[in-house]
Every structure is written in structure tokens, then in C-alpha cells.
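Before any comments, here is the structure.
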Amino acid sequence: MGFENFGTVSFTTETKAADFVSYLEQGKVMTTKCKKCGTRYFPPKMDCPKCLLSDVEWSEIKGDVKLISYTTVHYGPSGFEDGLRIFSRLSKNIKESDIKPGMKLKVVPIKLPGDRISYEFQQV
Ligand SMILES: [Zn+2]
């Protein structure tokens with residue numbers, strides 16, 4: 001994940017990012033899935049970099065997810081505006097020493113002060 005999408009955020013992307021927030025408000029954390037190749041993206045991508053298409057559909061994350069890599073530096077999901085204040089993060093309840101690749105996590109929506117909504121990864 002990088003900053004390559006900066007400056008290319010379209011109206012459509014913003015609309016779909018708003019959808020992501022309204023799903024969070026319903027208690028659902030969603031990924032996007034490319035309708036052509038079936039690749040799922042989280043944080044959601046509004047365009048499939050493999051097919052170069054914007055033909056994606058929303059798909060709810062159910063069950064556990066596996067931590068592949070972890071860094072203490074976080075970026076907002078690519079393609080999402082900073083104004084939405086969505087950050088991917090690990091729960092504060094997870095001890096730094098417990099964090100390891102391959103650990104099982106679940107992703108849950110959380111409310112933040114100031115009417116903000118986000119999501120975090122919690123230990124299963
Ligand atoms: Zn694709």
C-alpha cells in the first residue's frame with residue numbers, strides 16, 4: 001500500500017468510501033472484490049490493479065483474518081479521503097509482544113470520540 005492513488009480520487013471513489021463508512025455504522029467491515037478476477041482487497045480498493053477495472057463489489061469480512069505483516073506506521077486505506085478518518089489498526093488490547101505474523105485476528109467496527117467511526121483488529 002502506498003500513495004500512488006493520491007490525486008486520482010474520483011467522485012465514484014468518494015461515494016464508495018462513504019458506503020464503507022455506512023457499512024461500518026451497520027457493524028459490517030467490508031472488502032471489495034473484483035468482479036472479473038475475484039481478488040479481494042482490504043482496505044477496499046475501488047479499482048482492481050490487476051484488471052485495471054473499477055468493476056468491484058462489496059463483500060463482508062466474516063470470520064478470522066490472518067496477520068501477514070505488521071508495522072507500527074499506519075496509512076489510511078488507499079483511495080480514501082483523509083476527511084473520513086478511517087485508519088486500520090490493531091486493538092490496544094493486543095500486547096506488542098503478542099504481535100506476530102500468522103496470528104489470528106478479527107476485524108470489528110469501533111466508534112471513536114467525535115462521531116468518528118473506524119475499525120480495528122482484535123485478537124481472536
Ligand atoms: Zn481484477
field: strands (runs of 3 or more DSSP E) contained in the range 45-112 and holding at least 2 residues at pLDDT 75 or above
entry: 56-60, 104-112
query: Looking only at the range 42-53, which residues are within 10 Å of the ligand (Cβ to nearest atom) and not hydrophobic (A, V, I, L, M, F, W, C)?
result: LYS45, ASP47, PRO49, LYS50
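The values are calculated or read from the model by the stated rules, or taken from the named source; none is laboratory data. Just so it is clear, the structure is predicted and the values come from calculations on it, not from any experiment. Using ideal geometry, Cβ is built from the backbone for each residue, glycine included, and neighbour counts are taken over all protein chains shown.
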